[in-house]
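Comments concern the structure below.
The values are calculated or read from the model by the stated rules, or taken from the named source; none is laboratory data. Not measured: the values here are computed from a predicted model. We place every Cβ from the backbone using ideal geometry, glycine too, and count neighbours over all the protein chains shown. With ligands, DNA and RNA removed, areas are computed over all heavy atoms of the protein, side chains included. Shrake-Rupley method; radii C 1.70, N 1.55, O 1.52, S 1.80 Å.
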Amino acid sequence: MNTSSPLKILIIRLLNVSDVTSIGVPALRYFQKQYPEAEFHFMTFTQGAEVLKLADDSVKLIHLNKNDWPDSLIPAMESFLGHAETIIGEGYDQIINLDTSFMACFLTRFLKDAGERVMGNFMNQSVQSLVEQFQAQQLKPEYVSSPSHYMDSTFALMSRWNTKWWESSFLPENGYPEYYLAHCCGFDRLEFDMSLNLDPDSNLLAKKQQSSKQKAIALSTNALPNYPYLTELKSELEAKGFYVWLESLAEKPVQQQIAMLAATDLLVTPPSEFYWFAKAAKCPTLLITGDSEPAVLMPDYITDKTPACEACIQAIQGQHSDLPCTCIKPDVLAEQITELLA
């Protein structure tokens, strides 16, 4: 009789909730297939915990909130060193860091130097060396702001992540998350699965059945924060007989967001966090491409690429935002949506 304990594995993916959904969940399922008897723990941040509970509520969470991650570097380092002590005390057989953020790599480097068995991304210098540079005022700001400066990895092909991989001959069906896991991390037996199977929202189902065409379209204000024709587009679609829901979902539980998308026939969005919730809910997506590269996301449908307009350029510069210009005219967009849902 084998009385040995099962393997105990910790996966780290902190930021952001869309990447926890599109990278963290498929990675968890990949390792669960490789080690079906293992006990899995997952370290994540804020709403990432909600996503993981929906994916597999048997996974034990190390759930960080905003108080655990101060904005200033030294308090954040002190907080993460406290988390490192907790992790070491758990006695993991394997720690896998799939995150590229500085604090995740800082944490993993400390664990590596403490003798933990570490796989994935980590800081390319010791914690002691980092502290000494900071105290001597020699630590350059760009070091902590760019993975190309601070990150090393046990994944031999992680350097591919900094290439224009979407211009190569191979485009994975699920865009950058699949490329990251299969080609940068080297998970060659990956069966990509980020689905979160929830019952469709019953209230939304009832509302869309009152529409003459019985089709529901999502125009979340989270996904379209700088689209100047949102009201006009909603009116045009409603005139064509669609049920259109337009609301902010930022404060709603993740479970409710995904259930609403599961009851929706099309999400209209630029590149956004909300896009990956739609993919997880198996809701078709129409990407407002703007001047972005759609192959990075591999959506179901796309609009024509358009250069950024002057008004958006000025607004984006004024807000120091990287949001794409989404100024496709509402009548053009409404016509494309109608054809897709016909």
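Quick notes on this one:
- A protection proxy built from the mean count of other Cβ atoms within 10 Å ranks the segments 279-289, 88-98, most packed first, as 279-289, 88-98.
- For the stretch 23-140, diffusion coefficient by Stokes-Einstein and Kirkwood Rh (Cα), 37 °C, 0.692 mPa s, µm²/s: 215
- Whole-Å distance, taken between Cα centres, linking the stretch 130-145 and the stretch 1-71: 31
- Listed peptides 123-129, 150-156 by packing density, highest first (mean Cβ within 10 Å): 150-156, 123-129
- Across q = 0.14 Å⁻¹, the stretch 15-90 modelled as identical point scatterers on its alpha-carbon atoms has Debye log10 I(q)/I(0) values of -0.50, in the order of the q list.
- Of TYR229, TYR243, TYR275, the one that fluctuates the most in a GNM where the chain has Cα springs shorter than 10 Å: TYR229
- Cα convex hull of the chain, projected area averaged across orientations, nm²: 20.1
- Ratio of the Cα radius of gyration of the stretch 92-243 to 2.2 N^0.38 Å, where N counts its residues: 1.55
- Rounded to 10°, Cα long-axis angle of helix 230-239 versus longest principal axis of the chain: 50
- At a probe radius of 1.4 angstrom, the accessible area of the chain per residue rounds to 48 square angstrom.
- Evaluated at q = 0.30, 0.32, 0.33 Å⁻¹: base-10 log I(q)/I(0), Debye formula over Cα of the stretch 255-299: -1.08, -1.19, -1.24
- Residue of ALA259, ALA216, ALA239 that the Gaussian network model of the chain assigns the largest fluctuation, springs spanning Cα pairs under 10 Å: ALA239
- In this structure, the residue pairs whose Cα-Cα separation is over 28 Å, taken from LYS53/LYS240; LYS208/LYS252; LYS140/LYS305; LYS279/LYS329; LYS33/LYS305, are LYS53/LYS240; LYS140/LYS305; LYS33/LYS305.
- Two-site label geometry, ASP152 and THR231: point separation in nm, points 7 Å out along Cα→Cβ: 5.7
- Ranked by how many other beta carbons lie within 10 Å on average, peptides 38-45, 110-117, 55-62 from highest: 38-45, 110-117, 55-62
- Backbone geometry of the stretch 10-24 corresponds, through the Karplus equation with coefficients 6.51, -1.76 and 1.60 at θ = phi - 60°, to 3J(HN,Hα) couplings of 10, 10, 10, 8, 8, 10, 9, 5, 5, 6, 4, 5, 8, 10, x Hz, x marking Gly and Pro.
- Quotient of C-alpha Rg and 2.2 N^0.38 Å, computed over the stretch 174-307: 1.11
- Accessible surface of GLU273, taken over heavy atoms with a 1.4 Å probe and every protein chain present, rounds to 80 Å².
- Derived scalar couplings ³J(HN,Hα) [the stretch 56-69; Karplus, 6.51 cos²θ - 1.76 cosθ + 1.60; whole Hz; x for Gly, Pro]: 6, 6, 7, 6, 8, 10, 9, 9, 8, 10, 5, 5, 7, 9
- Most fluctuating residue given options LYS164, LYS207, LYS329, as computed from a GNM of the chain linking Cα atoms under 10 Å: LYS164
- Long-range HN-HN contacts of ILE11 with modeled amide H, under 5 Å: HIS41, PHE42, MET43, ILE96
- Computed in the context of the full set of protein chains, the accessible area of the chain at 1.4 Å probe radius has 47% of its extent on carbon or sulfur.
- The stretch 160-249, relative contact order [Cα under 8 Å, separation at least 6], %: 24
- Rounded FRET efficiency, nearest 0.05, which uses the C-beta distance separating GLN133 from LEU246 and R0 of 45 Å: 0.40
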